[in-house]
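What follows is a set of notes on a single structure, which appears directly below.
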Amino acid sequence: MNKSYLNTLLASAFFCLATVISAKAQDVVIPIETKDNALVLQVTPDKLLNMVYFGSKLTDKNEYGAIAKMYNFSGTIGSYNNAYTSSGTRNLLEPAIAVTHADGNKSLDLKYVNHTVTKINDDVSLLSIKLKDSVYDFEVTLNYQTYYNEDVTEQWSVITHHEKKDVVLNKYASANLCIKAGGYWLKHYHGDWAQEMQPEEEALNHGIKTIDSKLGTRADLFEPPVFMVSLNKPAGEDEGEVMYGNLEWSGNFRIDFEVDPANNLRLIAGINNFAADYVLKPGVEFTTPKFVYTLSSKGKGEASRNLQSWARNYKIVDGNGPRLTLLNNWESTYFDFNEPKLAGLLKDTKKLGVDMFLLDDGWFGNKYPRNGDHAGLGDWQVNKAKLPNDIAYLVKEAKANDVKFGIWIEPEMVNPKSELYEKHPDWVIKQPQRPELYMRNQLVLDLTNPKVQDFVFGVVDDLFTKNPELAYIKWDCNSIIFNAYSAYEKNQSNFYTDYVFALYKVLDRVRAKYPKVPLMLCSGGGGRVDYGALKYFTEYWPSDDTEPVERIFIQWENSYFYPALTSSNHVTDWGKQPIKFRVDVAMMGKLGFDIVIGKLKPDELAFCQNAVATYKQFSDEIWHGDQYRLQNPRENDVASIMYVNPAKTSAIMFNYLVSTRYHAGSSAIKLKGLNPDKMYTLSELNVFPGRRSTIAEANYSGKFLMTVGVNPDVRDGRASVLIAVKETK
Ligand code: DGJ
């Protein structure tokens, strides 16, 4: 290829604002660069768009063009590295897109037309590549939005056609990557209620491994849409090449990992096409969800920090802002409360020193009072017997105690025993000719119906309109979708996909009117966490399992993908661990309590009050600092993790005993992320009243702490130890 032409093309791809570039007959190379990485696409002379590289960035951009010649992406049936594999023509491997045209024909052959690069700001650029079928008036635009400093890319597709009648999308992935390495190791997760985020790592061999969900809502109850793939060998915390991915979609998803005949890893991520052929009208654009990914050549720790910085800067609501510590009443009262009891809890909130009281399930329903999980869901009128003076009374009491007030809702759901069900049986997802199937005695509302969207938005809007000082909402979702059928949808096969679009429509309306109010994403435990939902929420509930040792493992696995300030960790009475251990575990994310404060002994209460104050002192490090995992609980007696502020002047280290074996305990643990040339003072935090720290307050260089380490002296009787690391003044 003519070098000066290539240079011009590369230059224009990088520095022009929304420049349209069309391919000549030669190979066109499109590198997509971030701080450390490059993803390289190539347009062949016959206008196929292929992916030829994903790895460390090269110094000389002109060398990207030589990559395809070095690597073998082909076999007997052609090349396998199409950047968005269509089906029914040349490619017979797993497709990213499969369609049935208006005339019933099932062939698609997408060819490159042009691409544009739009510089959104110094950090963010958008590359859009237009592909078109040569026979049918059908086109796809592939979008790659890069976050340069974070080394993160979001990829999605926009599909449209101008055929005479509807086209059916049989598969419509967001992204299709082709990665070349000497081996691939997939770490993914499985789980169920109270045992979320159980990891499994396996070598990928030839054939297809799929992780997916068909549950509708609570979509990641069994398998969440997050994963990591190590290249060449399983990556460690601080070494090895590893890619993280997440489909930003709060519904049925499907991610295929195919090791193809030429030993490439073909990764296809998108909405699950199971029972979901999508009927697309002419002229309408179908925008797939975004698939977000990052690649690190320095192991899992760096990949996490990349993704977490991106999430705080660009995705989650108020990612660089504060969070509210809270007292929740779910496990202390369940459905059994009234005004005097709640007034007492509001005083306890103040006494504990947290910011807010969160009233959970059970405050609504009159004809069918919500006194258990079998009735009342959908009837969002305040229960007059429990709360004769309305929510306003609680907001007022909260104010009198100088704390904030938040409330639980589950607006997508309905109990058959409810006035809502009686009035609007057609608003419910159920098969018209089959018996209803329930999860937790409830059904899911048909959000595809705009009237239901208005209703769900109205639940939130009504609460805020009547109580402008309401400070927080916990949005729950306790049922999956059985019997998927919508009385509203014309095409039943659009239903699963339209449900999630409708959910996002409602959340868009909520955020348009209430842009910053904190919302917790909860789903009968942690059944719905992904970056599609976190765009609207400030935090999520990882699991109903708050037994603290189990929680360490669940929080640990989530820490690979989500920043600590999004992880709602509540201290409860689950398990047999002392209060100090429970509080120390909850403090590694966003701290909350769900215990009866009145039952705490005086020293326990004093400990909790001090811990809340300490948490506030270190909240900036925990919420906005860089996270370093030091010792994995699956490989060590002691789990250890730390957060360092960006200036590297202050850090907090959490250490937890996770083994009950006789000699289990810590030895020296190397710290990370400090300045080697500065001196730091170490001191123990959260020492229980009447106990003495065994960590002598002392000064060490950053070099010493990161080379030799510090022994937090974790052992039986000192099962959790928190250490403050402060630059010596
Ligand atoms: C399930 C949630 O995970 C719990 O925290 C609690 O809010 C209950 N629902 C209330 O029904």
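The values are calculated or read from the model by the stated rules, or taken from the named source; none is laboratory data. Since this is a predicted model, take the numbers as computed values, not measurements. Here Cβ is always computed from backbone atoms with ideal geometry, including for glycine, and neighbour counts include all displayed protein chains. Ligands, DNA and RNA are stripped out before the accessible areas are found, and what is left, the full protein with its side chains, is counted by its heavy atoms. Shrake-Rupley method; radii C 1.70, N 1.55, O 1.52, S 1.80 Å.
Loop-resident chymotrypsin sites (Phe, Trp or Tyr not before Pro) (DSSP state other than H, G, I, E or B) in the range 641-729 with no more than 15 further Cβ atoms inside 10 Å of their Cβ: Tyr662.
Each eigenvalue of the Cα gyration tensor of the chain, multiplied by 5 and square-rooted, gives one semi-axis; in descending order these are 44, 35, 20 Å. For the range 255-319, the normalised intensity computed at q = 0.15, 0.28, 0.29 Å⁻¹ comes to -0.81, -1.16, -1.18 (log10 of I(q)/I(0), Debye sum over alpha carbons, equal scatterers, no solvent).
Summary of the geometry: the range 466-526 and the range 206-264, compared by the centres of their Cα atoms, lie 25 Å apart. Within straight cross-link reach of Lys187, meaning Cα distance under 18 Å, which lysines are found once same-chain residues fewer than 8 apart are removed? Leaving aside lysines fewer than 8 places away in the same chain, those within reach of Lys187 are Lys209, Lys233, Lys298, Lys300.
Among residues other than Val167 with Cβ under 12 Å from its Cβ, the summed charge is -3 (Lys and Arg +1, Asp and Glu -1). Size descriptor for the range 430-530, Kirkwood hydrodynamic radius: 14.9 Å (Cα pairs only, one decimal). A 1.4 Å probe run over the protein chains yields, for the range 176-239, 37 Å² of accessible area per residue, whole-number rounding.
With the convex hull of the Cα atoms taken as the outline of the range 603-651, the averaged projected area works out to 4.5 nm².
Accessible surface for the range 496-605, divided over its residues, is 26 Å² per residue with a 1.4 Å probe. Within the same chain, aspartates and glutamates fewer than 8 places from Lys119 are excluded, and of the rest, those with a Cα less than 15 Å from its Cα are Glu33, Glu154. Within the chain, the selection of entire DSSP H helices by a Cα span of 20 Å or greater along the long axis and an average Kyte-Doolittle value of at least -1.0 returns 450-466, 495-513, 602-624. Each Lys or Arg adds one and each Asp or Glu subtracts one; over the other residues with Cβ under 11 Å from the Cβ of Tyr504, this totals +1.
Which loop-located GluC sites (Glu not before Pro) does the range 593-666 contain, where loop means any DSSP state but H, G, I, E or B and the Cβ has at most 16 other Cβ atoms within 10 Å?
Numbers: sites: Glu604, Glu621, Glu635; in loops: Glu635.
Within the range 593-666, the qualifying GluC sites (Glu not before Pro) (loop, at most 16 other Cβ atoms within 10 Å) are Glu635.
Based on alpha-carbon atoms, the Kirkwood radius and the radius of gyration of the range 42-108 give Rg/Rh equal to 1.07.
What separates the Cα centres of the range 547-580 and the range 668-729 is a distance of 22 Å.
Where does the charge balance sit around Ser479 when Lys and Arg score +1, Asp and Glu -1, over other residues with C-beta under 15 Å from its C-beta?
Details: positive: Lys214, Arg218, Lys417, Lys430, Arg440, Arg528; negative: Asp192, Asp220, Asp361, Asp373, Glu410, Glu412, Glu436, Asp446, Asp476, Asp544.
Residues near Ser479 contribute -4 overall.
What is the pair-distance distribution P(r) of the range 354-411, computed from all Cα-Cα distances in 10 Å bins starting at 0, with each bin given as a whole percent? Result returned by the calculation: 24, 49, 23, 3.
Legend: calculated FRET efficiency, Lys399 to Lys233, from the Cβ-Cβ distance at R0 = 56 Å, rounded to 0.05, equals 0.45.
Sorting 56-62, 582-588, 73-79, 208-214 by average packing, meaning the other beta carbons within 10 Å per residue, from highest down gives 582-588, 208-214, 73-79, 56-62.
With +1 on each Lys and Arg Cβ and -1 on each Asp and Glu Cβ, and nothing else charged, work out how big the dipole of the range 371-433 is about its Cα centre, in Debye to the nearest 20.
Numbers: 8 positive and 10 negative charges, 36 e Å.
That gives a dipole near 180 debye.
Given 25 °C and 0.890 mPa s, compute D for the range 344-494 with the Stokes-Einstein relation, Rh being the Kirkwood radius over Cα pairs; round to the nearest whole µm²/s. List each step's numbers first, then the result.
Values: Rh = 16.5 Å.
D, rounded to a whole number, is 148 µm²/s.
Charged side chains reduced to their Cβ positions (Lys and Arg at +1, Asp and Glu at -1) give the chain a dipole of some 920 debye around its Cα centre.
The alpha carbons of the range 140-252 give a radius of gyration and a Dmax of 16.7, 55 Å, in that order.
In the range 223-337, the C-alpha radius of gyration followed by the widest Cα-Cα span (Dmax) gives 19.4, 64 angstrom.
As a size descriptor, the averaged projected area of the C-alpha convex hull of the range 196-237 was calculated at 3.9 nm². A Förster distance of 56 Å, applied to the separation of the beta-carbon atoms of Thr210 and Lys576, puts the FRET efficiency at 0.90.
For the range 587-729, the share of alpha carbon pairs falling in successive 5 Å distance bins from zero is 2, 10, 18, 22, 21, 16, 8, 3, 1, 0 percent. What separates the Cα centres of the range 374-422 and the range 142-161 is a distance of 41 Å.
In the range 659-729 the Cα-Cα distances spread across 10 Å bins starting at 0 as 20, 47, 27, 6, 0 percent of all pairs.
For Asp716 and Met679, a Förster radius of 30 Å and the Cβ-Cβ distance give a FRET efficiency of 0.40, rounded to the nearest 0.05.
Computed per residue of the chain from DSSP H runs no shorter than four, each worth -39500 (n - 2.57), the mean residue ellipticity at 222 nm is -6500 deg cm²/dmol.
Which loop GluC sites (Glu not before Pro) in the range 154-263, with loop taken from DSSP, have no more than 15 other Cβ atoms within 10 angstrom of their Cβ?
Values: sites: Glu154, Glu163, Glu196, Glu200, Glu201, Glu202, Glu237, Glu239, Glu241, Glu248, Glu258; in loops: Glu163, Glu196, Glu237, Glu239, Glu248.
Sites meeting the loop and neighbour criteria: Glu239.
Placing +1 on each Lys and Arg Cβ and -1 on each Asp and Glu Cβ, with no other charges, gives the range 636-729 a dipole about its Cα centre of roughly 100 debye.
Partner lysines whose Cα lies under 18 Å from the Cα of Lys367, excluding those fewer than 8 positions away in the same chain, are identified as Lys384, Lys386, Lys417, Lys423. Protein-only accessible surface at a 1.4 angstrom probe places the residues Arg323, Arg90, Arg692, Arg434 in the order Arg692, Arg434, Arg90, Arg323, largest first.
Which pairs in the list Lys341/Lys601; Lys350/Lys729; Lys474/Lys513 are over 26 Å apart, alpha-carbon to alpha-carbon?
Numbers: Lys341/Lys601 20 Å; Lys350/Lys729 34 Å; Lys474/Lys513 17 Å.
Beyond 26 Å: Lys350/Lys729.
Average projection, convex hull of the Cα set of the range 563-611: 3.3 square nanometres. Summarising the overall dimensions of the range 72-127 from its C-alpha atoms, the Rg and Dmax are 15.5, 46 angstrom. Taking the accessible area of the chain, probe 1.4 Å, and keeping the other protein chains in place, the carbon and sulfur fraction comes to 52%. Per residue, the range 72-141 exposes an accessible area of 39 Å² to a 1.4 Å probe, with every protein chain left in place.
Counting only protein heavy atoms and using a 1.4 Å probe, the accessible area of Ser683 comes to about 30 Å².
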